[in-house]
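> After the structure tokens below, expect a handful of questions from me.
The values are calculated or read from the model by the stated rules, or taken from the named source; none is laboratory data. Everything quoted here is computed from the prediction, not taken from an experiment. Don't worry about glycine lacking a Cβ; one is built from the backbone with ideal geometry, like all the others, and counts go over all protein chains shown.
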Amino acid sequence: MPSHRTEWFKSSYSGQNGECLEARVTAHRVNVRDSKAIPGPSLAFSPTSWNAFLQALGANADALLHADPGT
């Protein structure tokens, strides 16, 4: 997880098509928002929950990339 960054930053995995996630990391929260809806809501995770989420994505990345969105 990145070190504490109180300003929002774009994900290094965001594409060039404008579909980006932005994050902000503090000592007690990781906030995530849609860069196209900045005034809109953001999701807040504890650092422990965020790390578990990233580990689950990493473990299942291939399956997620090839999943049928209709299921």
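> From the set of residues in the range 23-41 that are closer than 16 Å to residue 51 by Cβ and small (Gly, Ala, Ser), which is surrounded by the fewest Cβ atoms within 10 Å (Cβ to Cβ)?
Ranking the qualifying residues of the range 23-41, first place goes to 27.
> Here's another thing I want to ask about it. Restricting to the range 1-26, and then to whatever is at pLDDT 80 or above and outside any strand (DSSP E or B), can you tell me which residue is farthest from residue 57 (Cα to Cα)?
26
> Right, something else. Would you confirm whether or not the range 33-41 contains a residue that is of a type outside the set (S, T, N, Q), at pLDDT below 90, part of a strand (DSSP E or B) and touching a Pro at 6+ places or on another chain (Cβ under 8 Å)?
No, the conditions are met nowhere in the range 33-41.
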